[in-house]
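The values are calculated or read from the model by the stated rules, or taken from the named source; none is laboratory data. Remember, it's a predicted structure, so these values are computed and weren't measured experimentally. Here the Cβ positions follow ideal geometry from the backbone for every residue, glycine too, while neighbour counts run over all protein chains shown. Remember, those area values only see protein heavy atoms, side chains included, never the ligands or the DNA or RNA. Shrake-Rupley method; radii C 1.70, N 1.55, O 1.52, S 1.80 Å.
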Amino acid sequence: MDTQQTRQGIGYALGAYFIWGIAPAYFKLVKEVPPTEIMTHRVIWSALFMLVLITLSRSWQQVRTVLAQPKKVLLLAVTAVTIGGNWLLFIWAVNNQHMLEASLGYFINPLINVVFGMLFLRERFRRLQWLAVLLATIGVLVQLWQFGSLPIIGLGLALSFAVYGLLRKKIQVDAQSGMLIETAWLFPLAAIYLFGFADSATSHLSANPMSLNFKLIAAGIVTTIPLMLFAAACARLRLSTVGFFQYLGPTLMFLLAVLFYGESLTPDKMVTFGFIWLALAVFIADAIAFSARTRVRVA
């Protein structure tokens, strides 16, 4: 991959994980809405937002190109179900005081990305990269051990998002077309549930305050922007490299949980942070050194 693509990929990855890192603050704003309803709003408004975005960017030809490939369209149905399950579990975790376990899931996810990259994409690591993986693994194991039980929420989030990232990289579909088709697969189910079955204090939009409805509509933007950035990053970077940038997201999530939502910061979590940031430092140092050696050889 050329330098420009790599730089673009890094920018997209940083943008995606920053938005994901602060996303729990948004879901706390609509915590009176049941998770299943928030999920349906994410799907419905994301689909409509994508229709507008693709129309404004005049990208319908790219969508038609993807639709002409039935295999890719069917695979996007699989990714839609995968990311939909991830969304629902994440919303439930944040609004039921499990934000720290959600952040744990996204700390685990890059390690699963590394394994998937080696198993399915034939990616290989240099020595310092292996050291970074080892350090991150130790940090996550400390956190796992301190939970005292199997962290179902964390593992569910980690596995579902790793599968999503792998499939999107294998499908090789542009970010906008992929997101539109994914939400189109989920749209009928979301609409049927919201307008046909949901019956709560917030399920009837006409009875809600306008401020709440605007927050629910914003779910489309909160959902689509980081996912498109993530898909664009996956197309430009190695899956394992994208995975290491993901530590930005759970770090911000962790800080939100501790500083703003009153979840306790214990010594074991500080140790985990230390190992993870040390792993990142090693990984980034190796990347800089490798880039410098490559420039020297090219010169």
- request: Please calculate the 1.4 Å probe accessible area of Lys170, with all protein chains present, and give it to the nearest 10 Å².
  value: 120 Å²
query: Taking K and R as +1 and D and E as -1, what net charge do the other residues with C-beta under 13 Å from the C-beta of Leu212 add up to?
result: 0
- prompt: Using alpha-carbon positions, what is the distance between the centroids of the stretch 36-70 and the stretch 97-119, in Å?
  reply: 27 Å
query: Which net charge results for the neighbourhood of Val133, defined as the other residues with beta-carbon distances under 15 angstrom from its beta-carbon, given Lys and Arg at +1 and Asp and Glu at -1?
result: +2
- request: Would you mind working out the magnitude of the charge dipole of the chain relative to its Cα centre, with +1 at each Lys and Arg C-beta and -1 at each Asp and Glu C-beta, to the nearest 20 Debye?
  value: 1240 debye
message: Show me, bin by bin at 5 Å from 0, the whole-percent P(r) of the stretch 103-208 based on Cα pairs.
response: 2, 10, 13, 14, 14, 14, 11, 10, 6, 4, 2, 0
- request: Treating cross-link reach as a plain straight distance, find the lysines whose alpha-carbon is under 22 Å from the alpha-carbon of Lys169, omitting any fewer than eight places away in the same chain.
  value: Lys71, Lys72
message: Given a 1.4 Å probe and heavy atoms of the protein chains only, how would you sort Met99, Met118, largest accessible area at the top?
response: Met118, Met99
query: Which log10 I(q)/I(0) values, to two decimals, does the stretch 24-71 give at q = 0.18, 0.24, 0.25 Å⁻¹ under the Debye formula with one point per Cα?
result: -0.71, -0.86, -0.89
statement: Sorting Ile44, Ile284 on solvent-accessible surface, 1.4 Å probe, most exposed first, gives Ile284, Ile44
- prompt: Using the eigenvalues of the Cα gyration tensor, what equivalent ellipsoid semi-axes result for the stretch 202-281 when each is taken as the square root of five times the eigenvalue, whole Å, largest first?
  reply: 32, 23, 7
- request: Mind putting a number on the dipole of the stretch 148-299 about its Cα centre? Charges go on the C-beta only, +1 for Lys and Arg and -1 for Asp and Glu, and I need it in Debye to the nearest 20.
  value: 740 debye
- prompt: aspartates and glutamates near Lys31 by alpha-carbon distance under 19 Å, same-chain residues fewer than 8 away left out - which ones?
  reply: Glu101, Asp199, Glu263
field: Whichever lysines have a C-alpha closer than 19 Å to that of Lys28, once near sequence neighbours (fewer than 8 apart) are set aside
entry: Lys215
message: As I understand it, the dipole of the stretch 1-153 uses +1 on the Cβ of Lys and Arg and -1 on the Cβ of Asp and Glu, about the Cα centre. Which of Gln146, Leu53, Thr36 lies farthest toward its positive end?
response: Leu53
task: Would you kindly state how much longer the chain becomes between Leu128 and Asn208 on full extension, computed as 0.36 nm times their sequence separation minus their alpha carbon distance, in nm to one decimal?
output: 23.4 nm
- request: Taking every pair of Cα atoms in the chain, average 1/r, invert it to obtain the Kirkwood radius, and report Rg/Rh to two decimals.
  value: 0.98
query: Considering only Ser211, Val163, Leu259, whose Cα is most displaced toward the positive end of the charge dipole of the chain, charges sitting on Cβ of Lys, Arg (+1) and Asp, Glu (-1)?
result: Val163
task: Could you state how much accessible area Thr36 has, in square angstrom rounded to the nearest 10, with a 1.4 Å probe and all protein chains kept in place?
output: 60 Å²
query: Going by accessible area, probe 1.4 Å, with all protein chains left in place, what is the ranking of Ile10, Ile192, largest first?
result: Ile192, Ile10
task: Could you tell me which helices of the chain pass both thresholds, a Cα extent of 27 Å or more along their own axis and a mean Kyte-Doolittle hydropathy of at least 0.5, with helices taken as whole DSSP H runs?
output: 35-56, 70-95, 99-120, 127-147, 152-171, 267-298
query: Probe 1.4 Å, all protein chains in place: accessible area of Val78 in Å², nearest 10?
result: 70 Å²
